[in-house]
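Sending over a structure as structure tokens; questions will come in a sec.
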């Protein structure tokens with residue numbers, strides 16, 4: 001009968017003979033052939049893998065050179081620092097200044113648990129030594145040594161905590177690896193890290209002749225090749241956790257949102273800071289107007305007056321809901337503001353002469369916006385003409401400002417026409433007194449601000465006139481603020497309009513700098529971050545604003561934002577990926593990630609979402625139709 005192999009199993013052939021299965025070991029020749037084929041297959045696989053790029057090939061540097069004090073990875077220099085000693089006390093979050101430093105670095109912490117009985121045995125010996133030392137000093141008549149007594153108390157406290165299980169003991173290693181492009185920058189960064197640690201009495205050393213081991217210890221392999229540790233109990237180790245969140249909860253103020261780090265409430269009173277000014281930067285649709293309107297609504301409930309400059313009629317529904325005054329400033333509007341108005345001085349410390357001169361300087365800034373380029377000679381003429389315009393209405397240093405009527409732009413033009421060398425100025429000015437723009441600035445003021453919320457709309461103005469109108473409105477508000485001291489907030493939406501001109505930017509900066517004395521907080525909002533922050537006055541406004549809110553940013557402006565606000569890499573990514581109403585809230589020296597939240601009723605009042613506004617309008621129409629239908633049934 002024929003013997004036929006049926007399968008191959010573990011190098012043995014399974015044969016069938018007469019219906020009985022048995023195994024036959026392959027011959028030596030067959031084994032050699034199989035081994036040769038296996039080697040050829042492995043060699044082909046090795047050659048194939050050598051030609052395939054892996055993740056390691058993509059991220060690995062081109063070369064590595066080990067120097068005594070640093071490691072050179074391609075074009076990048078790498079240096080590792082390790083901590084060798086700590087003070088008796090460390091504050092919570094002592095590592096945060098290093099983690100939040102605007103520099104490229106890696107940090108690593110290693111924790112090695114130590115059994116309590118081993119530590120208790122060592123501490124018992126140390127207690128005996130210290131007690132013997134203290135007793136010997138007393139018997140010898142030596143003065144007491146506070147260091148020994150303090151150490152004895154600390155050891156006894158630690159023994160109690162270890163025995164009761166309150167504390168545990170560890171060996172703790174902390175490494176920082178720095179990255180730089182050149183040696184000078186690396187030395188500067190190293191000195192900065194060492195100084196920051198040294199200010200907390202934490203001392204570090206550089207990993208000399210261990211650069212490679214230091215680098216390996218901080219890459220995410222969880223492998224400690226330096227093994228430089230410090231004995232610590234649970235409490236100081238817990239304080240090394242670097243990702244602490246600032247608490248912005250206070251007893252007074254309004255709710256700005258939720259702290260995204262720990263879900264606590266961000267309750268804050270902006271008037272409790274060094275100044276009450278705020279800046280808000282965000283892209284279009286990120287929720288900046290929503291956040292501001294929410295703050296306005298909640299501030300009104302606490303009795304704060306609010307003044308708003310609205311460029312897109314976004315605050316109309318909020319103003320109507322709270323019974324505010326809505327002033328529409330346009331060429332055909334009945335509401336007029338006279339740029340020649342003067343404030344009523346508070347108290348007797350401000351002279352009338354100073355008020356007149358200040359108003360002349362302010363109006364000259366407006367005239368430069370209106371007339372364009374003004375030469376030095378023309379500037380001198382404008383200065384003299386403004387003083388004569390006020391004198392024409394008996395507004396002189398000895399006058400009573402409560403009993404005078406300020407001049408208007410037409411009066412100023414008449415004074416100019418009576419002076420020599422003013423022909424070109426008069427021609428340019430007539431556009432605002434007799435020409436197309438005559439309805440804007442050439443009339444006495446008839447706007448009243450005797451309401452808790454007053455909104456000035458400039459939506460219907462041409463783009464050319466908006467900077468002049470906003471400048472005039474801000475000056476009018478500033479005069480009102482100086483005439484009556486009261487807790488107020490001024491909101492300037494789309495403030496980048498005023499940053500386009502040096503005179504208007506300078507005026508806003510002066511307002512932000514001086515408003516604290518008059519109990520006023522200025523909120524500047526803009527989506528054109530580059531235009532705002534590239535202006536020197538824009539950066540000065542940010543510096544003089546204790547409250548700052550950054551919502552979602554565009555990639556084009558994030559680097560500038562990060563440089564001005566000293567953001568870390570993680571904070572940059574947070575702003576790039578933030579959803580609507582999410583961002584970073586700064587209050588003085590503290591900041592936290594924020595989520596702006598509103599109740600359903602607040603949301604219905606302040607929303608700017610076109611879809612939601614349309615739904616609300618349709619719901620109102622439906623309710624109105626139902627009411628009319630019910631009234632018709634009742635009459636029937």
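If a residue must be under 16 Å from the mean Cα position of the chain (by Cα) and at pLDDT 90 or above, how many such residues does the range 283-309 contain? Walk me through how you get there before you give the answer.
Here is the first cut: in the range 283-309, the ones under 16 Å from the mean Cα position of the chain (by Cα) are 283, 286-288, 291-292.
After this cut, where a residue has to be at pLDDT 90 or above as well, the list is 291-292.
Selection size over the range 283-309: 2.
Kindly establish whether residue 164 is assigned by TED's automatic domain parsing to the domain that holds residue 225, modelled with pLDDT under 75 and within 19 Å of residue 234 (Cβ to Cβ).
yes
Give the range 574-607 a look and list any residue that's assigned to a loop (DSSP other than H, G, I, E, B), at pLDDT 85 or above and surrounded by fewer than 20 Cβ atoms within 10 Å (Cβ to Cβ), or say none. Before you say what the answer is, go through the steps one by one.
Pass one, the range 574-607, residues assigned to a loop (DSSP other than H, G, I, E, B): 578-581, 588-589, 596-599, 607.
This time we only want the ones that are at pLDDT 85 or above, so: 578-581, 596-599.
Within the range 574-607, 579, 580, 597, 599 qualify.
Another one. Can you pull out every residue in the range 382-392 that is in contact with a helix residue (DSSP H, G or I) (Cβ under 7 Å, 6 or more places away or on another chain) and touching a residue at least 24 places away in the same chain (Cβ under 8 Å)?
Filtering the range 382-392 down to residues in contact with a helix residue (DSSP H, G or I) (Cβ under 7 Å, 6 or more places away or on another chain) leaves 382-383, 385-390, 392.
If the condition is that a residue be in contact with a helix residue (DSSP H, G or I) (Cβ under 7 Å, 6 or more places away or on another chain) and touching a residue at least 24 places away in the same chain (Cβ under 8 Å), then 382, 385, 386, 387, 388, 389, 390 are the ones that fit.
Would you check which residues across the range 343-397 are closer than 19 Å to residue 432 by Cβ, modelled with pLDDT under 85 and surrounded by fewer than 14 Cβ atoms within 10 Å (Cβ to Cβ) and list them?
If the condition is that a residue be closer than 19 Å to residue 432 by Cβ, modelled with pLDDT under 85 and surrounded by fewer than 14 Cβ atoms within 10 Å (Cβ to Cβ), then 372, 373 are the ones that fit.
How many residues does the range 533-551 hold that are part of a helix (DSSP H, G or I) and farther than 16 Å from residue 575 by Cβ?
Taking the range 533-551 and keeping what is part of a helix (DSSP H, G or I), we get 533, 536-543.
After this cut, where a residue has to be farther than 16 Å from residue 575 by Cβ as well, the list is 536-541, 543.
Going through the range 533-551 one residue at a time, the tally reaches 7.
Let's see how each residue does on (1) in contact with a helix residue (DSSP H, G or I) (Cβ under 6 Å, 6 or more places away or on another chain); (2) buried (at least 23 other Cβ atoms within 10 Å of the Cβ); (3) under 30 Å from residue 405 (Cβ atoms); (4) not assigned by TED's automatic domain parsing to the domain that holds residue 253:
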position: 295; (1), (2), (3), (4): no, yes, no, no
position: 300; (1), (2), (3), (4): no, no, no, no
position: 313; (1), (2), (3), (4): no, no, no, no
position: 321; (1), (2), (3), (4): yes, no, no, no
position: 333; (1), (2), (3), (4): no, no, yes, yes
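Residue by residue through the range 515-532, note down the ones that are touching a strand residue (DSSP E or B) at 6+ places or on another chain (Cβ under 9 Å) and either in a helix (DSSP H, G or I) or surrounded by 22 or more Cβ atoms within 10 Å (Cβ to Cβ) (or both).
Restricting attention to the range 515-532, the residues satisfying the condition of being touching a strand residue (DSSP E or B) at 6+ places or on another chain (Cβ under 9 Å) are 515, 518-527, 529, 532.
Of everything in the range 515-532, those that are touching a strand residue (DSSP E or B) at 6+ places or on another chain (Cβ under 9 Å) and either in a helix (DSSP H, G or I) or surrounded by 22 or more Cβ atoms within 10 Å (Cβ to Cβ) (or both) turn out to be 515, 518, 520, 521, 522, 523, 524, 525, 526, 527, 529, 532.
Is it the case, given these coordinates, that residue 584 is free of Cβ contacts under 8 Å to residues at least 40 places away in the same chain and touching a strand residue (DSSP E or B) at 6+ places or on another chain (Cβ under 6 Å)? Break it down stepwise before answering.
Values: free of Cβ contacts under 8 Å to residues at least 40 places away in the same chain: yes; touching a strand residue (DSSP E or B) at 6+ places or on another chain (Cβ under 6 Å): yes.
Yes: the conditions hold for residue 584.
Taking residue 266 as meeting all but one of (1) over 23 Å from the mean Cα position of the chain (by Cα); (2) buried (at least 16 other Cβ atoms within 10 Å of the Cβ), write down the number of the exception.
All conditions pass for residue 266, except number (1).
Might you let me know whether the range 13-25 holds any residue that is assigned to a helix (DSSP H, G or I) and either outside the structural domain of residue 75 (by TED's automatic domain parsing) or modelled with pLDDT under 75 (or both)? Give the steps one after another, and end with the answer.
Initially, the range 13-25 is screened for residues assigned to a helix (DSSP H, G or I), giving none.
No, every residue in the range 13-25 fails to be assigned to a helix (DSSP H, G or I) and either outside the structural domain of residue 75 (by TED's automatic domain parsing) or modelled with pLDDT under 75 (or both).
The values are calculated or read from the model by the stated rules, or taken from the named source; none is laboratory data. Just so we're clear, the structure is a prediction, and the values are computed from it rather than from any experiment. Don't worry about glycine lacking a Cβ; one is built from the backbone with ideal geometry, like all the others, and counts go over all protein chains shown.
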